Amino acid sequence: MTDLSREELAARAGVTPDYVDRLVDLGIIKPNADGVTFSIGALRAARMVQAFERGGLPLDGIGAAVTSGQVSFDFLTLPAYERFSSLSDTTFRAYHERTGMPLELLLTMREAIGFARPEPDDLLRDVELQIAPGVQMTFALGLDVATAERFLHVYLDNLRRIVESESDWYRTYAMAPLVRGGMRPAEAFTTSTQISPKIAEVALLGMYHALQEQTWTRTVFEVMESEMERAGLWTRLDHLPAVSFLDLSGFTRLTEERGDAAAAELSATLGRSAQRIARAHGGTPVKWLGDGVMFRFDEPSGGVVASLEMVEEMPAAGLPPARVGIDAGPVFFQDGDYFGRTVNVAARIAAYARAGEVLVSDRVLEVGPAPGCRFEQIGPTELKGVADPVVLHHASRG
C-alpha cells in the first residue's frame, strides 16, 4: 500500500485522525496531490513526531521548526526508509489464535528485537508479521518454546551487532562529513541514504550465503567423519597432522583503545611472526582470524614447539599475550579451507586456554613426543560444541 486515507494513516501510526489533522495544520506532514490521501513517508513522520512529543517536545514548536526550514522529515519518503515498520491490523492474541503459534513466543519476539514487551492485545508491527512465520517454523520442528526463544535470541543478538556496526559506520563516514561541510542533518540523510543502505542490501545476503555454506560444510564434514570412524576407516591412517589455533587475549579491547591503524599494525606483526615460526616447524598458516591464526602442521610435535615459541615471542613483539589450542587427527581440505572434528576441537581448546597457555589434546601426545617439551595433564574437560570430554595437557618448555 502506497497511499493511505486519513483514517488508515492514523490507525497504522497509532494516533487519532484528529492528531493527523493537527500535523497537517502545522505543516509537519502534507497530503498527496489529491488532498485526501497520504504517503507512507507521512506515516513514518507521524510516528516519529508523536515520539518526540511524548518525549516532551511541544508539537507547535516542531511545526514552527518545519515551517522555517530548520527541521525536515522529507527524507522519510526515501525508499531506504521503506523498511521502517508501522502497526498492522492484527493483535498478538489474534495471530496466536489464527496460527496456533504460542502467545509467549510471539510476545518474546518483540522483546528479542529490542522493544518493550507488548501486551497480548497490542498490534503487531508489519515487520513482525514477516518474522513470525520463520519463528513459527522452529516451533513446528518440534522444539519447545524455551528452545525456540533461544534460537530467536541467537539470530537477533548477532544480527544486532552487524546492524549497529553498520549504523556507526554510516554516521561516521557517510553522514558526518556532509554535516561538517555545512549540510543540514535532514539533507545529509537524503544524500547519504541514496547509496549507503544499498551497500548492505547488495552484499549482505551473499555474505550470509557464503558463511552459511562454510558453516554447513563444516557440520557435514564432522557428521560424516563420525560415520567414517564408525565404519573403521580411521584404522588405516598411518599419519595424523595437527591443527592449532592461536588467539591474542584482549586484542579487541586493545584495538578499541588504540584505533584502526594500531589494529592493522598489530595484525601485520602477528602475521610476520606467526608465518616465520610456523614454517620453521613444518606448519602452514591456513587463515587469519583478525585476532588470531589457524595453522596446519605436518607433525603434532612441530605444532607444539612452534606454539610455545609463538606464545613466548608475542609479548616481546609488542602484541597481547597469546593462547593456543592443538589437536591431532584427520583434516579435510576443500576450497582453500580445512574441515573436520580436529579443526573444531582445536578451536575449542584455544577458546578454553588462558592467556599465555598452550593446551593440547591427548591425541597430540599419542602421535609422538615433542622434543624439549613437558606436559602436565589437566584431565578430561568439557568443551563447548564438543560432544565428549577431551583430555587436555598443559605444554611448556622441558
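The values are calculated or read from the model by the stated rules, or taken from the named source; none is laboratory data. The model shown is predicted, which means the values in this text are computed figures rather than measured ones. Every residue, glycine as well, gets a Cβ built from its backbone with ideal geometry; the counts of neighbours run over all protein chains shown.
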Query raised in the report: Restricting to region 282-295, what's the tally of residues that are crowded, with 20+ Cβ neighbours inside 10 Å and free of Cβ contacts under 8 Å to residues at least 40 places away in the same chain?
Result: 1
Query raised in the report: What are the residues in region 210-249 that are among the aliphatic types (A, V, I, L, M) and modelled with pLDDT under 80, if any?
Result: Ala210, Leu211, Val220, Val223, Met224, Met228, Ala231, Leu233, Leu237
Query raised in the report: Could you say which residue among Gln70, Gln130 is assigned to a helix (DSSP H, G or I) and either assigned by TED's automatic domain parsing to the domain that holds Lys30 or on the phi < 0 side of the Ramachandran plot (or both)?
Result: Gln130
Query raised in the report: Looking at this structure, is Leu59 surrounded by fewer than 19 Cβ atoms within 10 Å (Cβ to Cβ), closer than 26 Å to Ala188 by Cβ and touching an Asp or Glu at 6+ places or on another chain (Cβ under 6 Å)?
Result: yes
**Report entry** Unmet criterion (only one of (1) of a type in the set (Gly, Ala, Ser); (2) surrounded by fewer than 13 Cβ atoms within 10 Å (Cβ to Cβ); (3) modelled with pLDDT under 75) for Ser196
**Finding:** (2)
Report summary line: Taking region 113-156 and keeping only residues that are hydrophobic (A, V, I, L, M, F, W, C), surrounded by 18 or more Cβ atoms within 10 Å (Cβ to Cβ) and under 29 Å from Glu8 (Cα atoms), one is left with Leu123, Leu124, Ile131, Ala132, Val135
Query raised in the report: Which members of region 261-297 meet the condition of being polar (S, T, N, Q) and under 19 Å from Val360 (Cβ atoms)?
Result: Thr284
Requested in this report: Considering only residues that are of a type in the set (Asp, Glu) and more than 33 Å from the chain's Cα centre (by Cα), look in region 341-398 and name the one that is modelled with the lowest pLDDT.
Outcome: Glu366
Query raised in the report: Exactly one of (1) surrounded by 17 or more Cβ atoms within 10 Å (Cβ to Cβ); (2) β-branched (Val, Ile, Thr); (3) without any contact (Cβ under 8 Å) to a residue 24 or more places away in the chain; (4) within 30 Å of Glu187 (Cα to Cα) is unmet by Val71. Its number?
Result: (3)
Query raised in the report: Is it the case that region 22-36 has a residue that's of a type outside the set (Val, Ile, Thr) and under 36 Å from the mean Cα position of the chain (by Cα)?
Result: no
Report summary line: Turns out the helices (runs of 4 or more DSSP H) fully within region 1-58 with at least 1 residues that are within 15 Å of Leu76 (Cβ to Cβ) and modelled with pLDDT under 90 are 6-13, 40-54
